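Comments concern the structure below.
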Amino acid sequence: MSSTLRQWVDEAENIVIFTGAGMSTDSGIPDFRSPGGVWTRMAPIMFQDFMASEDNRIEAWRRKFAMSDELGSPQPNDGHKAVAQLVARGKVSAVITQNIDNLHQDSGVAEEKIIELHGNGSYALCLDCDLRHELDDIRSVFEGGDMAKAPACHNCGGMVKTATISFGQAMPEAQMKRAETAALSCDLFIVIGSSLQVFPAAGFPVLA
């Protein structure tokens, strides 16, 4: 941390930290938009296509588990730990993140401090009844069969999707409102690992 930033942090009373993909690259998670990233190798499955076709839902889950195997078990890096230390000092009111990797939680930041703009890829939700499903449970059923059927909710039979915001899916209103409130009330807004190219999330530093 530079001496100037350290001074700003010491003087601030209400810090908001905003993190993007660059935050997690040292944990072995690639920036999906960089050259050679996932989205340059394969087109993302749009939300409306996921909803419209079981074949697309099957492919989305196949990709999810293949990516999980490729990434292994990423761990929080020094950046995540530094953010967690700032939170522990009582300096940080919110950690706004574009990341879906759950590494802020894994580093010790309390869930209530974290605002996930793009959701969380460490579990899944039923799109009908909102029931949480654990990925290991889904994978055992999906791969234990013939993988000819997309996972379905064991409560209501609805479609199950990772708890992330897909291309074409509406941003989460409650999280966006929390982020806006946090940005407007802070006295220091720190951006880590984001090129600030994806809107509306990139507009929060301007609000601050």
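Brief remarks follow.
- Scanning the range 142-167 for residues that are part of a loop (DSSP other than H, G, I, E, B) and either of a type in the set (Lys, Arg) or touching a Pro at 6+ places or on another chain (Cβ under 9 Å) (or both) returns Lys149, Ile165, Ser166, Phe167.
- The residue list Asp128, Asp69, Asp106, Asp101 contains one member that is closer than 17 Å to Gly20 by Cβ and among the charged types (D, E, K, R), which is Asp101.
- Single residue of Met159, Met176 found to be in the same structural domain as Gln7 (by TED's automatic domain parsing) and farther than 30 Å from Ser2 by Cα: Met176
- All strands (runs of 3 or more DSSP E) inside the range 34-132 with 1 or more residues being over 27 Å from Phe204 (Cβ atoms): 119-126
- Looking only at the range 45-64, residues that are within 26 Å of Asp136 (Cβ to Cβ), exposed (fewer than 15 other Cβ atoms within 10 Å of the Cβ) and in contact (Cβ under 8 Å) with a residue 24 or more places away in the chain come to 2 in all.
The values are calculated or read from the model by the stated rules, or taken from the named source; none is laboratory data. Everything numeric here is computed off the predicted structure, so don't read it as measured data. Quick reminder, even Gly has a Cβ in these numbers, built from the backbone with ideal geometry, and neighbours come from all protein chains shown.
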